[in-house]
Every structure is written in structure tokens, then in C-alpha cells.
């Protein structure tokens, strides 16, 4: 099974040679052309809604429109006699699915945060004092969010190695990946009006996989006191397909109680998404984990993001932060898998890695049982300019 059947139908943007971009829905190994379906009649919507270079106009049309479209597509594609015409994937170019309005990256995996603390603060408590009280996050760079398959050029910047008196400038030598789950905002909010945690999911359009590429050596030198900057801003890769939030909610599972109990604006019955995730490096799967290892939920992340009155816009993207589990093989970054270089990872071809080398290709994958596959996130490392 492909995981892209009538019960899933993720949205993306595609282009055929010589044609303008348009919105489509993935069905099996093909794409449903929504602009054509609206023109020809199966979709009773304005074709201009889908003759767009991003999903933003479709999302901005409101939840009523997206619900009608999803119901119509499921009716068109479900059943033993359904044979809707699709455009083969090999005939299209997949584009960035959303025009990203704002981007926030969180730090919501307890195991990941604990591992990083042990690596960089071995003589102190792994978790900082605020971590269990709020979803820690930072604002990223919108202009460097790219679609899966975009080559990733090794970044340059300042780094200072242990024992050195001064920094040096040059290509990153500890280039890393971060396996994350991203959430796309489809319903805006008003400036000055926080979104309650129990209404947060009403603002979400869908989910997708994210690889937040990270230059660990640049990050170690620059992150105090204001956090990540050049170490993160050079590229963030996202899947070409956005899974509608309606298709993912049945993957919610109870999560362990949060201790101490969050403040009232973050308080909800703990939950997470049961989604199997994996990291492949040069055709070797180096990690398998699950999104249920996230401590803070998407609803809590969104509620915290707006509690100060910050507004949401259609096309906002926020990501979970690296997802890691308690076992070594469940860690969602090379920093953790190689324990900052001390424990090299062996690949199927006999080579070893601690961090990424030029020419390496990383693929992130996700599944929710047999019926749902998240779109892959793929990227190959190119030499520094």
C-alpha cells in the first residue's frame, strides 16, 4: 500500500513542463489536478482557488471550503469503481506547498533536550529550569524554507573549537539533521488575542515532515545568549505534501502526565501523535522513532506561541523540534546518534559518519499505520560555496 489512498489525500503544489503551478492532491502514485476538477465539475469550487503557486488561497478560503473539498475528493476516489484521472508523479515537478508567512521551531522532545543537555552541560542538570514549564522555541528564517529534494549547500560561519583562544571562519564541519514534525496554520487569529489550548487545533490546516538542518559547530559558538542564528537559518527542508489535520487526528494517543502540571493556559489532557518516523542516510536507516515521544503537544505549542498576543497568519509554520526516543536507535539527530562524534555511525557500505559529509543524502520518512504515509523529506549536501 502506498499510504496515499482516499482516506489520506494530502495536498501539494505541482507543475507540468510548460504549465503554471497549481494545487493537487496525492492519490497513489499520481496527482489529482484540483483546478481541472473544479473546471470540469466534480469540485463545486472556483477553479481560481487551485490555479495557485501555493496552498495559501485554498487555506484562506476557510475550514468550510476545505471540508467540502475533502468530502468531494473522498467521494470521487473511494469505492471499488472509482477511477479518477491522475497525473503521474514522474510527469510533474513538486514545489514548496505553502508560502510560509512565519516560522517557529520548538524544542519539545524530552529525550532530545536531555541528551543535548548531557552533551553540552555534563556537570549540570540536563534540562534547563524552564523546560518542563513551557514549550521552548525560537523564530526561524522564512526565506530559506525549501521543498524536499532541494540541494543543501554546506554553510560557512564562525566556530571555535575546544581549547582554541579565538574563532575561525569557514565551512561547518559538524553539519547535522533534525527529524521534526511540522504544523501548518490555516486559520488566522487577531493580534492581541491569545488562542486557547482547547481551540488550538481549530487553527491547523495540516502536518508535514521537517528537516531543520543544523550546523552544530556554528551553533555551539553563537547560541549564547540569544539562541540559534546562522547555525539554523541556512536551510529548513519540508515535505512536498501537507497531510490534512482531519486525516491525522485518529493517530492521537494518550501521553504520560506532565510534571509539574503546566500553568492553566497550557493545561490539557496529555496527548501525542502515534506516527512512526525514520532517518535514512545514504540508503542506511540510522534511526527509527515515533512522534509520541514529544512532551509538548502541537496545541500547547500554538497556545504558548500566541499567549502574549502574537497573531497567527495563514501559512504560518511551526515545527516540533527534534524527535528522539529513549533508545540510541531512536535519536532524531546525528549529534545524538554519534554522541557528538564520540560514537561513529556505521553505514551499510562500511563507511562511518559522525556528521554529514559532502555528497551525503538524507531522507526522512513517516507513517501512520498502513493507510497513511507522510511525504518524504530528502536533501543532498553540496560543498560550501
Cβ pairs under 8 Å, 6+ apart, first in the stretch 10-34 and on the phi > 0 side of the Ramachandran plot and in contact (Cβ under 8 Å) with a residue 24 or more places away in the chain, second surrounded by 21 or more Cβ atoms within 10 Å (Cβ to Cβ) and assigned to a strand (DSSP E or B): 28/4
task: Within the stretch 275-288, track down each residue that is touching a residue at least 60 places away in the same chain (Cβ under 8 Å) and over 17 Å from residue 208 (Cβ atoms).
output: 280, 281, 282, 283, 284, 286, 287
- line: Reported set for the stretch 1-36 where residues are surrounded by fewer than 23 Cβ atoms within 10 Å (Cβ to Cβ) and assigned to a helix (DSSP H, G or I) is 35, 36
message: Among the residues of the stretch 35-56, are any without any contact (Cβ under 8 Å) to a residue 24 or more places away in the chain, within 16 Å of residue 95 (Cβ to Cβ) and outside the structural domain of residue 314 (by TED's automatic domain parsing)?
response: yes
- prompt: Does residue 193 meet the test of being at pLDDT 95 or above and surrounded by fewer than 19 Cβ atoms within 10 Å (Cβ to Cβ)?
  reply: yes
- request: Return yes or no: is residue 299 at pLDDT 95 or above, within 21 Å of residue 187 (Cα to Cα) and either in contact with a helix residue (DSSP H, G or I) (Cβ under 9 Å, 6 or more places away or on another chain) or in the same structural domain as residue 235 (by TED's automatic domain parsing) (or both)?
  value: yes
- request: Go through the stretch 283-303 residue by residue and tally those that are farther than 16 Å from residue 181 by Cα, in contact with a strand residue (DSSP E or B) (Cβ under 8 Å, 6 or more places away or on another chain) and crowded, with 20+ Cβ neighbours inside 10 Å.
  value: 1
query: In the stretch 141-157, how many residues are out of contact with any helix residue (DSSP H, G or I) (no Cβ under 6 Å at 6 or more places or on another chain) and either more than 26 Å from residue 95 (Cβ to Cβ) or assigned to a loop (DSSP other than H, G, I, E, B) (or both)?
result: 7
message: Suppose we filter 84, 88, 122 for residues that are touching a helix residue (DSSP H, G or I) at 6+ places or on another chain (Cβ under 6 Å) and over 24 Å from residue 236 (Cβ atoms); which single one remains?
response: 84
- request: Working only within the stretch 55-67, note down all residues that are in a helix (DSSP H, G or I) and either in contact with a helix residue (DSSP H, G or I) (Cβ under 7 Å, 6 or more places away or on another chain) or under 17 Å from residue 202 (Cβ atoms) (or both).
  value: 57, 58, 59, 60, 63, 64, 65, 66, 67
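The values are calculated or read from the model by the stated rules, or taken from the named source; none is laboratory data. Model, not experiment: these values are computed from the prediction. Positions of Cβ are backbone-derived with ideal geometry, glycine not excepted, and every protein chain shown enters the neighbour counts.
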